[in-house]
Structure formats: C-alpha cells, structure tokens
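J.: Once you've had a glance at the structure underneath, I'll fire off some questions.
The values are calculated or read from the model by the stated rules, or taken from the named source; none is laboratory data. Everything numeric in this text was worked out from a predicted model, so none of it was measured. Methodologically, a virtual Cβ is constructed for each residue, glycine included, from the backbone with ideal geometry; neighbour enumeration extends over all protein chains shown. SASA here: full protein model, heavy atoms, side chains in, ligands and nucleic acids out. Shrake-Rupley method; radii C 1.70, N 1.55, O 1.52, S 1.80 Å.
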Amino acid sequence: MQILKVGIIGLGEVAQTIHLPILESLKNKYEINAICDISERLLETMGEKYQVKNRYTDAMELTKQEDLDIVFVLNSDEYHTECVVSAAENKKHVFVEKPMCLTMEDADKIIEARDANGVQVMVGYMRRFAPAFIQGVEEVKKIEKINYARVRDIIGHNHLFIEQSHNVLRFNDIGEEAKADRSARARAMVQTAIGNVPSEIQNAYRLLCGLSSHDLSAMRELIGFPNRVVSATQWNGGSFISSIFEYDGFCTTFETGVDNLRRFDAHLEVFSDAKQIKIQYNTPYIRQLPTTLSIKETIGEELEERTIRPTFKDAYTEELEYLYDVIAKGKTPKTTPEDFKEDLKLFKMIVDELVKTYRD
C-alpha cells in the first residue's frame, strides 16, 4: 500500500487536537514528513513530539519540498489561498480546512492552479463524511415530498470543550507585525467578498464562512441549494444569525450562534407527511462522540422511533480515509473547490438579506 508523505501548514488547535493524532494513527496510509508554523517554539515542540525533521516557518518553502505527496493547509484562513496555490504549483495534492477561502476570486485562483497542475484539492468538511449523515442523505432521497426542514447550530465556544479534553499548546512568540498582517488581510478579503458593510455584518460573514459553512454545506448535500433567501437577520454583533430559505414546495429555517454554554447542538432535520429525519452532531473535539441518525415514522397505527449510530469512528477519520482513496486510488472527491463556491454564493445571498434588514 502506498504511504502518502504529508506536509502540514499550521500547527494550531485543529492540527493538535485532530489532524496530527489521526494522521499518526493512520500510519499505513500517511507519514507526517514536514511541518510549518509561524511560531518557532510550537514548531520545535510538535517536531519533537511527532519526530518530524523537516520544519519550516515559511509555508512557501514547505510546498517546494520535492518528496511530499500532499499538503494539509490548516493555518488561518486569510492565508489559505496562497498556500493552496503554491502547493498546487509545486505539484502537490492539497487538503484545506474550511473555509477554503473568503472570496470568489480566490476560489477561482485555486481551481485554476489545481487544473493547470493536475492535482486534487479537497476541502475539509468532515460532517459530510459521517456515516450517519451519508445514511441520512439516502433516507431523505426516499421522501416523496418535504414539508419543512431545519438547520441548527448553537454551540459554546470551542475552548469550553477543548480545555477539558486536550492540552493545546500556544506560545507567545508571534510578532505584532504578523498579527497586524492577518487582521489587514481579513478586512480586505471580507470587503472584497461583501463590500463596505457594517462591522456586525462583517462578523456575521466570518461566522458563515467558519462554523456555519459546515451546516450549510451539509444542507446543500441533504436537500439541495435553495431557490432564494426569504429573510435573514443578525444580532449580538453578528454572533447570532437566523434565516429562512425557500425551496420548491417548502421552506427551511437556519439558526446559528456561539455563546458560553458547554453544549453543542448541531443538527439537520427534515419533515415529510409521515416521516421525520434528524442528523445530530456533537463536538468534533471529542472525537469518539458519535453522530446519530434519528427517524420517526408513522407505520400503520403506530409511531415508530429509531436512533441509528452507525459507528464510533469519528467523521474526521472517515474523511481522511476518503482523502487517501482520492489521492492513491483515483476516487472522485466530494468536497471540491467548485462545491465550496456554492457555499460562498449562499453566504453572499444571506449577507445581502442581512444588509436589507439592517437598513430597514
């Protein structure tokens, strides 16, 4: 079996809690061969922990390492595009965490670089690889008519789960110039994406690109792309959003927000005349908490309720096993850059309604 040599850009929270341990557990498929981070102390610490000799503070230099098969882009999203493009131009396949990028222009740059260099680019949407979700998609296909759907993601801040389950290392050796560059990039990218809008709507856009991209991407696979956004509103400085989407013959409500409660309520639910299908997620930072599929159904005179837990294998592991088959076996990617562009399109539709509501 081919073992893929991996270079990792960004050694922060998601790398430490998710990708590094899973790649280490999949030694028959992956070898962590190079790592990169702007924090030299973090780079040294992770290099020693995972016994990785090739260490970089410059992401562009990592992408030039000749023997790498694939680059994982896990750094801050303001830098995703340049890292993905550089990796593709150096003939490396790419796995990039969501959001792939913040603007349509950057999405097109990534697609152009991928196609010009004959590599694969896959976006990290692990929820869509959970077996319960995949089974839920098949159950929804059996429904003759959907009456209503609901998408909900109200969670506590990530640190509320991470601080009780992981020891994430953070060092204070990142300079003020680097921090300022990140902030400036973010402002410029958001303005390019949605124009000169109030700060709370800019914050809402970042929420859509971040947490909400999981929900809306999964929604699109489950029930398709909506015809239009009927309404949208935000509050608490853009930290909460509610919206209604119109489909043929039904509407979908979407609600999302982040607070300081230690709970994770993320689900998609579809209602028909005699069947109710619910896919329930839990925090991904405790990886063995299962995603479940619940089905309520009228059968004869009875209401039958079933809860299906296909596996304790976490969705991230399922995703990286799928990724291996894309690179090593030619499997067709599911979460492509083109697919991500549909999310950017939907985010912009929501923002346009947010602006209307704000001005009214």
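J.: Within segment 329-338, does at least one residue satisfy the condition of being in a strand (DSSP E or B), among the β-branched types (V, I, T) and on the phi < 0 side of the Ramachandran plot?
T.: So in segment 329-338, the residues in a strand (DSSP E or B) come out as none.
Scanning segment 329-338, I find no residue that is in a strand (DSSP E or B), among the β-branched types (V, I, T) and on the phi < 0 side of the Ramachandran plot, so the answer is no.
J.: Let me ask something else. Going by the structure shown, is I8 open to solvent by 50 Å² or more (accessible area, probe 1.4 Å) and not polar (S, T, N, Q)? Spell out the reasoning first.
T.: Values: open to solvent by 50 Å² or more (accessible area, probe 1.4 Å): no; not polar (S, T, N, Q): yes.
It is false that I8 is open to solvent by 50 Å² or more (accessible area, probe 1.4 Å) and not polar (S, T, N, Q).
J.: Going through segment 272-290 one residue at a time, which ones are in a loop (DSSP other than H, G, I, E, B), in contact with a Leu (Cβ under 9 Å, 6 or more places away or on another chain) and open to solvent by 30 Å² or more (accessible area, probe 1.4 Å)? Break it down into steps so the answer makes sense when it comes.
T.: First pass over segment 272-290, keeping only residues in a loop (DSSP other than H, G, I, E, B): 273-274, 282-290.
Within this subset, residues satisfying the condition of being in contact with a Leu (Cβ under 9 Å, 6 or more places away or on another chain) are 282-283.
Of everything in segment 272-290, just one residue is in a loop (DSSP other than H, G, I, E, B), in contact with a Leu (Cβ under 9 Å, 6 or more places away or on another chain) and open to solvent by 30 Å² or more (accessible area, probe 1.4 Å), namely N282.
J.: Sticking with this structure for a sec: Exactly one of (1) of a type in the set (D, E, K, R); (2) open to solvent by less than 30 Å² (accessible area, probe 1.4 Å); (3) in a helix (DSSP H, G or I) is unmet by E269. Its number?
T.: If we test E269 against (1) of a type in the set (D, E, K, R); (2) open to solvent by less than 30 Å² (accessible area, probe 1.4 Å); (3) in a helix (DSSP H, G or I), just (3) comes out false.
J.: Ok, one more. Counting only residues that are open to solvent by less than 20 Å² (accessible area, probe 1.4 Å) and in a loop (DSSP other than H, G, I, E, B), which one in segment 11-36 is nearest to T63 (Cα to Cα)?
T.: Going through the qualifying residues, I end up with L11.
J.: Looking only at segment 181-193, how many residues end up being over 20 Å from the mean Cα position of the chain (by Cα) and either β-branched (V, I, T) or closer than 17 Å to K345 by Cα (or both)?
T.: Within segment 181-193, residues that are over 20 Å from the mean Cα position of the chain (by Cα) and either β-branched (V, I, T) or closer than 17 Å to K345 by Cα (or both) number 2.
J.: Among what's in segment 291-312 and is free of Cβ contacts under 8 Å to residues at least 60 places away in the same chain and outside any strand (DSSP E or B), pick the residue that is nearest to I32 (Cα to Cα). Show your work before the answer.
T.: As a first pass, look at segment 291-312 and keep what is free of Cβ contacts under 8 Å to residues at least 60 places away in the same chain: 294, 296-307, 312.
Still in the list and also outside any strand (DSSP E or B): 300-301, 312.
On the way: G300: 55, E301: 57, F312: 25 Å.
Among residues in segment 291-312 that are free of Cβ contacts under 8 Å to residues at least 60 places away in the same chain and outside any strand (DSSP E or B), the one nearest to I32 (Cα to Cα) is F312.
J.: I've got another one for you. Residues that are at pLDDT 95 or above: find the helices (runs of 4 or more DSSP H) completely inside segment 130-238 holding 3 or more of those. First the steps, then the outcome.
T.: Numbers: elements: 131-141, 158-165, 176-194, 199-209, 211-223.
It comes to 131-141, 176-194, 199-209, 211-223.
J.: In segment 78-113, how many are in a helix (DSSP H, G or I) and either within 19 Å of P333 (Cβ to Cβ) or open to solvent by 30 Å² or more (accessible area, probe 1.4 Å) (or both)? Explain how you work it out, then say what you get.
T.: From segment 78-113, those in a helix (DSSP H, G or I) are 78-89, 104-113; that's our starting set.
Retained after the next criterion (residues that are either within 19 Å of P333 (Cβ to Cβ) or open to solvent by 30 Å² or more (accessible area, probe 1.4 Å) (or both)): 79-85, 87-89, 104-113.
Adding up the residues that qualify gives 20.
J.: For segment 54-73, give me each residue that is part of a strand (DSSP E or B) and either surrounded by fewer than 17 Cβ atoms within 10 Å (Cβ to Cβ) or of a type in the set (D, E, K, R) (or both). Before you say what the answer is, go through the steps one by one.
T.: Initial filter on segment 54-73 (part of a strand (DSSP E or B)): 54-56, 70-73.
R55, the sole residue that qualifies.
J.: Continuing with the same structure: Which number in (1) in contact with a Gly (Cβ under 6 Å, 6 or more places away or on another chain); (2) over 30 Å from K313 (Cα atoms) marks the one condition that N54 misses?
T.: (1)
J.: Another question, if that's okay. Could you go through segment 328-346 and let me know if any residue there is free of Cβ contacts under 8 Å to residues at least 40 places away in the same chain and either crowded, with 18+ Cβ neighbours inside 10 Å or under 21 Å from R263 (Cβ atoms) (or both).
T.: No; the residues of segment 328-346 include none that is free of Cβ contacts under 8 Å to residues at least 40 places away in the same chain and either crowded, with 18+ Cβ neighbours inside 10 Å or under 21 Å from R263 (Cβ atoms) (or both).
J.: Would you mind stating whether K356 is charged (D, E, K, R), more than 17 Å from Q135 (Cα to Cα), open to solvent by 30 Å² or more (accessible area, probe 1.4 Å) and in a loop (DSSP other than H, G, I, E, B)?
T.: Details: charged (D, E, K, R): yes; more than 17 Å from Q135 (Cα to Cα): yes; open to solvent by 30 Å² or more (accessible area, probe 1.4 Å): yes; in a loop (DSSP other than H, G, I, E, B): no.
Considered against the rule, which asks whether it is charged (D, E, K, R), more than 17 Å from Q135 (Cα to Cα), open to solvent by 30 Å² or more (accessible area, probe 1.4 Å) and in a loop (DSSP other than H, G, I, E, B), K356 comes out as no.
J.: Taking the residues in segment 194-217 that are under 21 Å from the mean Cα position of the chain (by Cα) and over 17 Å from M349 (Cβ atoms) as candidates, determine which candidate is most open to solvent (accessible area, probe 1.4 Å). Can you show your working first?
T.: Taking segment 194-217 as the starting set, the residues that turn out to be under 21 Å from the mean Cα position of the chain (by Cα) are 194, 201-217.
Filter again for over 17 Å from M349 (Cβ atoms), leaving 203, 210-211, 214.
On the way: N203: 79, G210: 15, L211: 30, H214: 17 Å².
Ranking the candidates gives N203 first.
J.: Still on this structure, please answer the following. For segment 160-171, does any single residue satisfy the condition of being within 18 Å of the chain's Cα centre (by Cα), open to solvent by 50 Å² or more (accessible area, probe 1.4 Å) and in contact (Cβ under 8 Å) with a residue 12 or more places away in the chain?
T.: no
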